[in-house]
1. Counting only residues that are more than 27 Å from D238 (Cβ to Cβ), give me the helices (runs of 4 or more DSSP H) lying completely in the range 309-382 with at least 2 of them.
2. Would the range 148-160 turn up any residue that is at positive phi and more than 11 Å from the ligand (Cβ to nearest atom)?
3. Considering only residues that are touching a residue at least 12 places away in the same chain (Cβ under 8 Å) and surrounded by fewer than 18 Cβ atoms within 10 Å (Cβ to Cβ), which ones fall in the range 86-106?
4. Could you list, in sequence order, the residues of the range 122-140 that are touching a Lys or Arg at 6+ places or on another chain (Cβ under 8 Å) and either among the aliphatic types (A, V, I, L, M) or crowded, with 18+ Cβ neighbours inside 10 Å (or both)?
5. Can you go through D288, D261 and tell me which one is of a type outside the set (A, V, I, L, M), crowded, with 19+ Cβ neighbours inside 10 Å and not assigned by TED's automatic domain parsing to the domain that holds Y149?
6. Of the residues in the range 327-369, how many are near the ligand (Cβ under 10 Å from one of its atoms), hydroxyl-bearing (S, T, Y) and surrounded by fewer than 18 Cβ atoms within 10 Å (Cβ to Cβ)?
7. Can you tell me which of G62, G50 is in a loop (DSSP other than H, G, I, E, B), under 21 Å from the mean Cα position of the chain (by Cα) and at positive phi?
8. Determine the pairs where a residue that is under 15 Å from Q250 (Cβ atoms), located within the range 57-70, has a partner that is assigned to a loop (DSSP other than H, G, I, E, B) with Cβ atoms under 7 Å apart, the partner being 6 or more residues away or on another chain.
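The values are calculated or read from the model by the stated rules, or taken from the named source; none is laboratory data. Owing to the predicted nature of the structure, the values given are computational and were not obtained by experimental measurement. Here Cβ is always computed from backbone atoms with ideal geometry, including for glycine, and neighbour counts include all displayed protein chains.
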Amino acid sequence: MMPYVLDDTEKLIMDTVRAFARDRVKPRAADIDSTGEFPWDLVKEMGELGLMGVCLPEEYGGAGQSYVLFAMIVEELCAACATTGLILDVNISLCAEPILMYGTADQKRQFLTPLATGQKLGALAMTEPGAGSDAASIKTTAVRKGDHYVLNGTKTFITNGGVADTYVVTAVTDKEAGHRGISEFIVEKGMPGLSFGPPMHKMGICGSATTEVIFRDCVVPAANLLGAEGQGFKITMDTLDAGRIGVAAQAVGIARSALEDAIEYAAQRKQFGQTVTSFQAIQFMIADMATAIEAARLLTLQAAELRERHIPCTKESAMAKLFAGDTAMRVATDALQLFGGYGYMKEFPAERHMRDAKITQIYEGTNQVQRVVIARSLLGRG
Ligand SMILES: Cc1cc2nc3c(=O)[nH]c(=O)nc-3n(C[C@H](O)[C@H](O)[C@H](O)COP(=O)(O)OP(=O)(O)OC[C@H]3O[C@@H](n4cnc5c(N)ncnc54)[C@H](O)[C@@H]3O)c2cc1C
């Protein structure tokens, strides 16, 4: 039972999303996983359905819906195919959101509308080979030269890398100022000096594009500075507060799908003359999995509701991401166990769910880092 009561428009949108996920996305999930092919057709359809900017303002081409609805949509899509849900999630929460929060009116008009309508795809490029959890230790530089900046450096593990048109990028503008010397830029594909590494091969979310994003004397107009010089680290942290809600929603979707598949299988699998779901040991595993998923969803929607109301949610979004990510991994592992040996085989979806679940404990801050964030907000330590 959902504590959030949807209005008629939201119900209609969720009905549409459920039908799209069931009829168009889920049947493709195994293929996307095995071929690693980026699902351009599904991304195009999500754009046509108005989903790529579902929680962005209508004046910028979005559907003007809430962040709670966004989280529900990410769950629904990831339950069908984790890759497809991730692509939409990154477009909205990691690329459009920082532009919405910190962009000028001109920047919003120029960059948000194509992202919201699905004409363009977005990405966030923050991580570097030497700077992951310690996001303030980036080495990419941006030097002001007249009416433009020149960027040099390499970002790695960038989701939607190469396929995205619009990149929100962190770079150091003042080496002496520590994290206050980091600035944020909007970089577009085609700008001179921007290139991409080859696809990185991953254990899960296989159809999502992950590449290095490389800046070699990359010329970016000064008008593409997002926020003020030196504000980049804050913009990134604010972005991740919202972004982690998306990862939590991904995790809930993956876990839900893993459990649904396991119940379906176990309910018809017979051993000792009875279905394996008649064994209490199996029933208790199912009960524990379902309870954890429900709790993860509640934490996720709570954080989304805070975000929607512009109430600080650093702690709550970290808790949602931590709990949902750990739940997804545990549930996917237990769900595979319910399949017995068949769960270990590629013909069944259980092993895909397990591989997809793992990433939710890693990106947008590992779950160790989420614990650091939560403890810091409780103990008040910098
Ligand atoms: C598939 C994929 C997609 C990604 N997409 C993006 C993207 O779109 N944009 C982007 O910018 N980045 C992206 N990332 C990067 C991701 O956010 C980082 O990988 C993650 O933050 C961890 O950084 P790291 O890999 O450098 O690990 P490290 O920071 O080197 O961590 C190594 C280990 O040390 C632990 N650790 C580190 N610091 C602490 C601490 N203070 N306390 C306790 N433990 C600690 C970590 O939890 C981890 O277990 C992606 C990564 C992957 C794998």
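1. Values: elements: 314-338, 350-359, 367-379.
Helices (runs of 4 or more DSSP H) meeting the threshold: 314-338, 350-359.
2. Here is the first cut: in the range 148-160, the ones at positive phi are 153, 157, 160.
Then drop every residue that is not more than 11 Å from the ligand (Cβ to nearest atom), which leaves 153.
Yes, the range 148-160 contains at least one residue that is at positive phi and more than 11 Å from the ligand (Cβ to nearest atom).
3. M101, D106
4. Here is the first cut: in the range 122-140, the ones touching a Lys or Arg at 6+ places or on another chain (Cβ under 8 Å) are 125-128, 130-131, 140.
Correct list: A125, M126, T127, E128, A131, T140.
5. Numbers: D288 fails: crowded, with 19+ Cβ neighbours inside 10 Å.
From the options D288, D261, the qualifying one is D261.
6. Residues in the range 327-369 being near the ligand (Cβ under 10 Å from one of its atoms), hydroxyl-bearing (S, T, Y) and surrounded by fewer than 18 Cβ atoms within 10 Å (Cβ to Cβ): 1 in total.
7. On the way: G62 fails: at positive phi.
Criteria check complete, one pass: G50.
8. Y67/C55; F70/V54; F70/C55
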